[in-house]
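First up is the structure itself, then whatever we jot down about it.
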Amino acid sequence: MERLSLNPLREAALLWWLRRLLKAEKVDLVHGFTIKCAVYGSLGARLARLPARVNAVAGLGYVFISDSPKARLLRPVVRFLLRVALGGPRARLILQNCDDVALFLEARLVQEEQVRLIPGSGVDCGRFVPADWDAVGLRSGRLRVLLPARLLWDKGLAELVEAARWLRAAGRGVDVLLAGNPDPGNPASVPESVVRGWVAEGVLEWLGHVDDMPVLLRSVDVVVLPSYREGLPKGLIEAAACALPLVTTDVPGCREVVTHEVDGLLVPVKDGVALARAIARLQDDPGLRRRLGEAAREKALREFDERIVIERTLGVYGELVGNVAGKV
């Protein structure tokens, strides 16, 4: 599969390859993640006459978020393919937030009885644990702020840079960290040259891909995600499990993780100054940081622990192919 391919012959060959693979492996159930994999996995399963299809769509992706001419051109095609791929009595669609459920139903992409709402992919709350608060505090008097995400414009990178410049101009002692790599397969990817330009300007530190996220999260004070739209952002729930205060945008997916003033702060989308002011507020109030972080950890344990997500996902499998809990 090539994520950016629009060659119909190549795509047809891929579907035929999937059909042969699924028949050869005697697959009982196909579970596709993300829109393109959901479409191709489901179409391949239908061609192979498989009994059960489950698809999990974590957010709507570039085609539905972007206003670019290419995205607008592809949107009706993708809508049609989704209707074909997701339909049928032996299919289930897992969505991560109520806004996406409403959107898929309003667009008539799927029947209501086929949709299952499972918030996120889960987080290992035994691995993502808080640092010792008393040992953390403000390191050398500076606040460490982290954005963990793929380097895409729709993750709010432009707004992060705007906020970092505002904080620096205000004389704030804030270190802005960016963890993640560009995603060349996504049209919204931020070029590496642009990121290196921000580093050269001195507004942020780029860490690239980070293997040990629990260690990184325990070394920072605040996690931000000024995204334009999400399914349910894993970076935020990992930070929540580490009892970190969160700042994110009031958009679908993000507001499922953060309740304003309870376990984090919500800011308007595409507003770098509002993001900067929220960070400055947390810098000035360590007690607020601690209160929000502790509430975030409680919510992660209650709603986002991976054991909850696994149990509910196996329940969806069981609807289609019988009890599978004892087979995993």
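Given q = 0.10, 0.19, 0.23 Å⁻¹, what are the Debye log10 I(q)/I(0) values for the range 200-325, with equal point scatterers placed on the Cα positions and solvent ignored?
For the range 200-325 at q = 0.10, 0.19, 0.23 Å⁻¹, log10 I(q)/I(0) is -0.37, -1.07, -1.38.
What lysines sit close enough to residue 234 to cross-link, taking a C-alpha to C-alpha distance under 16 Å and skipping anything fewer than 8 places away on the same chain?
155, 299
Per DSSP helix of 4 or more residues, -39500 (n - 2.57); summed, then divided by the residues of the chain. What does that give at 222 nm, rounded to the nearest 500?
Calculated at 222 nm, the ellipticity per residue is -13500 deg cm²/dmol.
With the dipole of the chain worked out from charges on the C-beta (+1 for Lys and Arg, -1 for Asp and Glu) around the Cα centre, which of 276, 30, 68 lies farthest toward the positive end?
The Cα lying farthest towards the positive end belongs to 30.
Quick one: which residues, 5 or more positions from residue 265 or on another chain, have an amide H under 5 Å from its amide H? H modelled 1.01 Å from N in the peptide plane, none for Pro or chain starts.
Distant-sequence amide H within range of residue 265: 246, 247, 248.
Could you go through the range 83-93 in sequence order and give the Karplus-derived ³J(HN,Hα) for each residue, using 6.51 cos²θ - 1.76 cosθ + 1.60 with θ = phi - 60°, rounded to whole Hz, and x for Gly and Pro?
These are the phi-based 3J(HN,Hα) values: 4, 5, 6, 8, x, x, x, 9, 10, 10, 10 Hz.
For the chain, just the Cα atoms, rotate onto the principal axes and tell me the three extents in Å, largest first.
63, 44, 34
For the range 161-231 and the range 263-328, what is the separation of their C-alpha centers, rounded to whole Å?
Cα centroid to Cα centroid, the span is 20 Å.
With +1 on each Lys and Arg Cβ and -1 on each Asp and Glu Cβ, and nothing else charged, work out how big the dipole of the range 133-304 is about its Cα centre, in Debye to the nearest 20.
In debye, rounded to 20, the range 133-304 gives about 280.
Whole-Å semi-axes of the range 132-289's equivalent ellipsoid, largest first, each the root of 5 times a Cα gyration tensor eigenvalue?
After scaling each eigenvalue by five and taking roots: 21, 18, 16 Å.
Which shape class, rounded, prolate or oblate, goes with the range 10-116 when its Cα gyration tensor gives a ≥ b ≥ c as root eigenvalues, a/c under 1.5 marks rounded, and past that a/b bigger than b/c marks prolate?
The shape class here is oblate.
None of the figures in this text is laboratory data; all of them are computed from the coordinates on show. These numbers come from a predicted model, not from an experiment. So basically every Cβ, Gly included, is an ideal-geometry build from the backbone, and we count neighbours across all protein chains shown.
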